[in-house]
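Encoded as structure tokens, the structure appears first; notes follow it.
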Amino acid sequence: MEDKTVKNKRRCSFCGRTEEEVGFLITGVNGCICDNCVEQAHEIVQEAVAQQKGKHELNLEDLPKPKEIKEFLDQYVIGQDDAKRYLAVAVYNHYKRLLQPPSKDDVEIEKSNIIIVGSTGTGKTLLARTIAKLLHVPFTIVDATVLTEAGYVGEDIESILTRLLQVADYNVEEAERGIVFIDEIDKIARKSDNPSITRDVSGEGVQQGLLKLLEGSVVNVPPQGGRKHPEQKMIPVNTKNILFICGGAFDGIERKIAQRLNTNVVGYSATKEKVKIDRENLMQYIAPQDLKAFGLIPEIIGRLPILTYLNPLDRAALRRILTEPKNSIVKQYVKLFEMDGVELIFQPEVFDYIVDKAIEYKLGARGLRSIVETIMIDAMYDIPSHKEEKFVVALDYAKAQMDKANLSRLQVV
């Protein structure tokens, strides 16, 4: 009798366990599946999907064209058309380089690493993060400030590729065609031209270590990052097809540009009519020799053939940044209040006041966020506890909040 009862019990069609032995059974048309088998099946499906993504085949027809890349960037980044065009073309050419078939004429397309120069808060990192959303190749952003020469406290140069491997799920073939954005490249400038008995471990030493990565060579990468040691198993990665985009503020490089532009020429050309120079935006005249004067070694500059710049943000650009992009600062705060069931409204004159303050503090687009946060902090603290349906930010309220906060420390002397 007992055997018959066991036979009649519902079982999982996959593992054969009965109803009592599992959490629960899901019944289908001709069978059942238990919760454990569902979880295992889900993991198997996820793994298979991940492998399919890894095998995503690039082809020229599906590639986003430079104009399409720029149009996508326009949705998130205001202005900076020159930098966007350089970036769009470089990324598109990188794709084409990966798809280049073996040719009979022995023409091999070389990679075009880029260096973007622009003062703080103009959108270097934002451009990199935005373009990462669009790409079909592994993309990572790394910070040059933590890099030191091998053997010293800090991170080795190879840790840049560790990050790329992690993004590519340790698929070396995928990582070898990825794109790396190295932020704060100006922080590894040569500290001084004076010969010294102390080593420049986070300056020129790092630049020399980067040479092999930028040029293209097989680098042994520690899979977990950190220090290399003899017992550790290394992963060889060929950087020949990895595109490097470098960005830096190069604070004070305008003085180097001004010195070069103001150099008096002796001879016939001294009598020629001088070209009018825009003193407000010297960054547009940047040239490789300015980077050398700033402290980058000539070998590094040679391996970053495309040099572009970001314009300083004027009042009109800051006003647009505040409200227009898809993820603008104002839209983020409206969303935060919306989640509490509160409609947040900014009066138009408040935007102009915020922009005026940002210009006064000389903090670029990042300054906008600091100012809006200061204005909204009390409202964000109080309103979730009250049953309010609407909150209007008026100019008087904004001014009162700014006066209340001690923001004098943000002012640049």
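The values are calculated or read from the model by the stated rules, or taken from the named source; none is laboratory data. Since the structure is predicted, the reported quantities are computational estimates derived from the model, not experimental observations. Here Cβ is always computed from backbone atoms with ideal geometry, including for glycine, and neighbour counts include all displayed protein chains. The accessibility values were calculated without ligands, DNA or RNA, using every heavy atom of the protein model including side chains. Shrake-Rupley method; radii C 1.70, N 1.55, O 1.52, S 1.80 Å.
Structure summary
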read-out: Residue 402 - accessible surface, heavy atoms, 1.4 Å probe, Å² rounded to 10; value: 10
read-out: Amide hydrogen neighbours beyond the local backbone of residue 219, cut-off 5 Å, H modeled; value: 237, 238, 239
read-out: Residue-by-residue Karplus 3J(HN,Hα) for segment 66-75, coefficients 6.51, -1.76, 1.60, Hz, glycine and proline x; value: x, 5, 5, 5, 5, 4, 5, 5, 4, 5
read-out: Residue 136 long-range amide H proximity, modeled H, under 5 Å; value: none
read-out: Members of 133/187; 84/326; 65/96; 256/292; 133/212 lying beyond 20 Å, as alpha-carbon distances in this model show; value: 133/187; 133/212
read-out: Theoretical gain in end-to-end length, residue 74 to residue 105 [0.36 nm per residue, Cα-Cα removed]; value: 7.3 nm
read-out: Per-residue HN-Hα couplings for segment 107-122 [Karplus 6.51, -1.76, 1.60; θ = phi - 60°; Hz; x = Gly/Pro]; value: 7, 10, 6, 8, 6, 10, 5, 10, 10, 10, 10, x, 5, 4, x, 9
read-out: Net lengthening on full extension, residue 136/residue 299 (0.36 nm per residue, minus Cα-Cα); value: 55.6 nm
read-out: Karplus 3J(HN,Hα) series, Hz, for segment 77-86 with 6.51 cos²θ - 1.76 cosθ + 1.60 (x for Gly, Pro); value: 10, 8, x, 6, 4, 4, 4, 4, 5, 4
read-out: Nearby aspartates and glutamates by direct alpha-carbon distance to residue 387 (threshold 16 angstrom, same-chain neighbours under 8 apart not counted); value: 338, 340, 343, 378
read-out: In nm, spacing of pseudo-spin labels at residue 27 and residue 281 (7 Å Cα→C-beta vector); value: 7.2
